[in-house]
Amino acid sequence: MAREDNRRGGRDRDEAPEFADRLVAINRVSKTTKGGKNFGFAALVVVGDQKGRVGFGKGKAKEVPEAIRKATEQAKRQMIRVPLREGRTLHHDIEGRHGAGKVVMRTAPTGTGIIAGGPMRAVFEMLGVQDVVAKSIGSANPYNMIRATIDGLKKEASPRMVAQRRGKKVADILRKDEAPAAEASSEAAEA
């Protein structure tokens, strides 16, 4: 039975993880024609599994629900995976840029929470980050802020990735005070 569903393009429930989505901005645009004004809507949506995957999408349509649906579909297609330290914060401080938008994201100790403005907060919540300090410098346009945030998150590298690239062990990469915690988290991730 399951084999037939897969041939028809259907998916099993186990294959598709559940995603959360957040509407960041909705914009009403109009086009003036001979017969009057034609209104349309543009939606900006952030989608994530709150376990290290996030994506954003934009959709345009004559009706708001259709624009949101299109944006959500596009966001699911463009998801990226971001390594998180202890599943709650970033591994290191990063900077992202897009156009005139520049964002700075910093790791934070437990209990800090998400200290970030509007669109960036949506990205971190959908990503599953619990502790981060972020600042947007430059453009306040939500599209540019989200693109700059995603650009920065793409640069995120875990100690395991760096060790693998350099042909070393994780313990050799980290400082002495961080090594035991990182080894325990990397062993837990492998299990």
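The values are calculated or read from the model by the stated rules, or taken from the named source; none is laboratory data. Keep in mind it's a predicted model, so treat the numbers as computed, not measured. So basically every Cβ, Gly included, is an ideal-geometry build from the backbone, and we count neighbours across all protein chains shown. Surface areas here come from the heavy atoms of the whole protein model, side chains and all, with no ligands, DNA or RNA. Shrake-Rupley method; radii C 1.70, N 1.55, O 1.52, S 1.80 Å.
Just order 115-125, 91-101 by mean Cβ neighbour count inside 10 Å, highest at the front, would you?
Highest-to-lowest ranking by the protection proxy: 115-125, 91-101.
Of all DSSP beta bridges located in segment 48-180, what percent are antiparallel, nearest 5?
90 percent
Keeping all protein chains in place, calculate the accessible area per residue for segment 98-177 (probe 1.4 angstrom), answer in Å².
52 Å²
What does the highest-first list of 29-39, 161-171 look like by mean Cβ count within 10 Å?
161-171, 29-39
I need the phi-derived Karplus couplings for segment 124-139: 6.51 cos²θ - 1.76 cosθ + 1.60, θ = phi - 60°, integer Hz, Gly and Pro marked x.
So the Karplus estimates, Gly and Pro as x, are 5, 5, 6, 6, x, 6, 9, 10, 7, 10, 9, 9, 9, 10, x, 4 Hz.
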